[in-house]
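Since the structure comes first, as structure tokens, the remarks are kept for the end.
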Amino acid sequence: MSDRTVLCVDAADDIESVSSAIDAEDGLTAIEATSVEDATDRLESGSVDCVVTEYDLPDGTGLDIVETLRETNPQTPCVLFTDVKPGEIDTASFEEMIVEYLNRDLPDAVDRLGFVVDDVITHSAQVGFLVPDSEQSRLEALGEYDVEELPIEDSFSRLTDLIASHFDAAVAFIGLIEKDEEDFLACTGADWDSLTREDTICTHSMLQEDVMVVEDINEDKRFSSNETLHNLGIVSYAGANMTTTDGQVIGQVCLIDHEPRQYSEAQRQDLEQFADTAMEILELRQNLRAARTTEVEA
Amino acid sequence: MSLANSERFAVEALDLAPIEGGTSILLTGDDTDALEAVFHRLTAPADDERSVLLTTDTSGTAVKRALSGVARGADDRATVLACEGPDRGDDVETVDDITDLTGLGMEFSTLVAAATQDTEKFRAGILLCSTIMGEIEDTRSVYRFLNSNFLTELRRSGGVGVCAVDTSSDIGADMNSTIAGLETSFNARIHVESTGRNEATLDVSGLDGDDGTIDISW
């Protein structure tokens, strides 16, 4: 198991007990901070895999740290490790920031801490999107495609050019949905490289069998508060699944417009066909590469 | 520490086979009364179990009364976190603000932790998740809440969980698309179709041996 870094935040007198509990767990390494300011600096200087924080800190509270974390790394899990009871915690300014709460007064609290941290990291337990029950199999299916080694970008770029033109859409893209983010392999009409998964509409679209259309993101609470989408100028969306022969959805072919838009049934079917074509291109490239590798080895 | 045990949970009131520990059930329907009736039958704790239920539209005492109607003494083995009604009676806690998911999540986790100190078998439920979705500004917070405070607890402790969604509610998003998404994160789905006064048909999928339709009355 690769080493995972956990930022532990507590007052100077107590930090040792927290960080030693983390270090005692296989695969976890603690780094320490003893104030909100110190923790914020740490988070801004590099990413961590999890944050464990006391609620009461010398210059603020643990929820101040969670607020920073949700802004910079929204999918990073956080554990509030404290003896302050939930009813005594001031959540008024932090109403939608979910954390794992672990009562420090529990007899086995320190033993539990390492287990809980390992579990929330391993299972991406605090992400703000729905994870399919078959996620592990899906990621394994995605891992079979060595996209880095396939000369596929030109083919996909030509395809997204065609798709954008066919639908007269502002943006057309092909994206693969990895564990934590969506990687755009081709994108016509915008210069997008990747997006955090909980910010993408595709992470919702991939859960539907048919084409998902959002006519206006401002009218849908799943997306209306998503600043990333607004900053990218996204108003309407249509997405179709790229599905492997084993039935795993690994990516999406999508249309974006900067104004509200509807799609007819015929247009939805066309988009599905484009998604099937993208998947075929990916399969063919992969098969060709595998055949060449076999040839060289022979 | 270990993860889920392999206990099974009886649901005789619905004529379902015992449900395997760790199972999460998405319960949907557009008739609130029928939805509540099925919810209470799925979450009523047996003699050796505890239940922790989050209710959004019903008082804690009303939920306890309903549980008692399903199984004698079930109300005494249940803790209710209610967003409605007075903070009254044993094992009834209330929260003032349903949109405070940070506080709600911590309270719910604390109650689950307390329940699992008493017994290894617990049932958990949310009635109605659609009300939370309708009140919250950003649905991503609800998903984070479900992932962190509900599905994670079931996975770790091997309990049975039921998340009820009233499909006639206004959740500020496309209901069919939202249900399609939710369905992929839960192990099983039960859709309740009311067929008359105190009668309904359950469309069950994802539960061992029970896939198909079941007619019930109460």
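What follows is calculated from the coordinates using simple rules that are stated; it is not laboratory data. Given the structure is predicted, the values throughout are model-derived calculations rather than measurements. Quick reminder, even Gly has a Cβ in these numbers, built from the backbone with ideal geometry, and neighbours come from all protein chains shown.
Side notes on the structure shown:
- Of all DSSP bridge pairs formed entirely within region A:9-110, close to 20 percent run antiparallel.
- Shown is the FRET efficiency for A:LYS85 and B:SER68, computed with R0 = 22 Å from the Cβ-Cβ distance and rounded to the nearest 0.05: 0.15.
- Placing +1 on the Cβ of every Lys and Arg and -1 on the Cβ of every Asp and Glu, with nothing else charged, gives the protein assembly as shown a dipole about its Cα centre of roughly 1200 debye.
- DSSP-defined beta bridges in the protein assembly as shown - what % are antiparallel, rounded to 5: 50
- Kirkwood Rh, Cα atoms: Rg over Rh of the protein assembly as shown: 0.98
- Degrees, to the nearest 10: A:62-72 long Cα axis against longest axis of chain A: 20
- About the centre of its Cα atoms, chain A shows a dipole size close to 960 debye [charges on the beta carbon of Lys, Arg (+1) and Asp, Glu (-1) only; nearest 20 debye].
- On the basis of the beta-carbon distance and an R0 of 35 Å, A:GLU295 and A:ASP161 show a calculated FRET efficiency of 0.60.
- Amide H to amide H, with H built 1.01 Å from N, B:LEU128 comes under 5 Å of B:THR56, B:ASP57, counting only residues 5 or more places away or on other chains.
- Diffusion of region A:78-122 by Stokes-Einstein, at 10 °C in a medium of 1.306 mPa s and with Rh set to the Kirkwood radius over alpha-carbon pairs, works out to 139 µm²/s.
- Fraction in percent of alpha-carbon pairs per bin - 10 Å, chain A: 6, 25, 26, 21, 16, 7, 1
- In order through region A:207-213: 3J(HN,Hα) via Karplus (6.51 cos²θ - 1.76 cosθ + 1.60), integer Hz, x for Gly, Pro: 8, 9, 6, 9, 5, 9, 10
- Separation of region A:101-176 from region A:201-229 is 16 Å, based on Cα centroids.
- B:ASP208 paired with A:ASP105, simple spin-label distance in nm, labels 7 Å along Cα-to-beta-carbon: 4.0
- Antiparallel bridges, percent of DSSP beta bridges restricted to chain A (to nearest 5): 60
- Close amide H contacts of B:LEU27 (hydrogens built in the peptide plane, cut-off under 5 Å, sequence separation of 5 or more or a different chain): B:CYS163, B:ALA164, B:VAL165, B:ILE190.
- The alpha-carbon atoms of region A:1-130, seen along their principal axes, cover 38, 33, 28 angstrom, with the largest extent given first.
- The charge dipole of region B:26-217, taken about its Cα centre with unit charges on the Cβ of Lys, Arg, Asp and Glu (plus for the first two, minus for the last two), comes to roughly 500 debye.
- Highest-first packing order for the peptide set B:141-150, A:236-245 is B:141-150, A:236-245, based on the mean count of other beta carbon atoms within 10 Å.
- Average Cα contact separation per residue, region A:135-297, under 8 Å, 6 or more apart, as relative contact order %: 23
- Per the Kirkwood formula applied to alpha carbons, region A:168-254 shows a radius of gyration over Rh ratio, Rg over Rh, of 0.93.
- Comparing A:LEU207, A:PRO151, A:SER165 along the charge dipole axis of region A:132-266, the residue lying farthest to the positive side is A:SER165, per the Cβ-charge model.
- Here, region B:4-80 is characterised by an Rg to Rh ratio of 0.94, where Rg is the alpha-carbon radius of gyration and Rh the Kirkwood radius.
- Within region B:1-144, the percentage of alpha carbon pairs spaced more than 20 angstrom apart rounds to 46%.
- Here region B:84-127 is treated as a sphere whose radius is the Kirkwood value from Cα pairs; by Stokes-Einstein at 10 °C and 1.306 mPa s it diffuses with a coefficient of 135 µm²/s.
- Options B:THR139, B:GLY103, B:ASN149, ranked by Cα towards positive dipole end of region B:102-162, top entry (Cβ charges): B:ASN149
- The relative contact order of chain A comes to 12 percent, based on Cα pairs under 8 Å that sit 6 or more residues apart.
- The value of relative contact order for chain B, using C-alpha pairs under 8 Å at least six residues apart, is 28 percent.
- Average partner coverage of A:115-124, which counts Cβ from other chains inside 10 Å: 2
- Dipole orientation for region B:26-217: of the candidates B:ASN187, B:ALA114, B:ALA44, B:ALA114 has the Cα lying most toward the positive pole (charges on Cβ; Lys, Arg +1; Asp, Glu -1).
- Note on A:LYS179 and A:ALA92: their simple-model spin labels are 4.1 nm apart, each label 7 Å out from Cα toward Cβ.
- Full extension of the chain between A:LEU139 and A:ASP56 gives 26.0 nm of extra length, using 0.36 nm per residue less the Cα-Cα distance.
- Taking θ as phi - 60° and the Karplus parameters 6.51, -1.76 and 1.60, the scalar couplings of region B:157-168 work out to 9, x, x, 10, x, 10, 10, 9, 10, 7, 6, 8 Hz in sequence order, x denoting glycine and proline.
- Average projection, convex hull of the Cα set of region A:135-297: 9.4 square nanometres.
- Largest mean-square fluctuation among A:LEU255, A:LEU130, A:LEU229, in a Gaussian network model of chain A whose springs join Cα atoms under 10 Å apart, belongs to A:LEU130.
- Cβ-Cβ distance of B:ASP170 and A:ALA11, R₀ of 45 Å, FRET efficiency by 1/(1 + (r/R0)^6): the value works out to about 0.45.
- Remark: region A:159-166, residue by residue, has Karplus-estimated 3J(HN,Hα) of 5, 5, 4, 4, 5, 4, 5, 4 Hz, where x stands for each Gly or Pro and the curve is 6.51 cos²θ - 1.76 cosθ + 1.60 at θ = phi - 60°.
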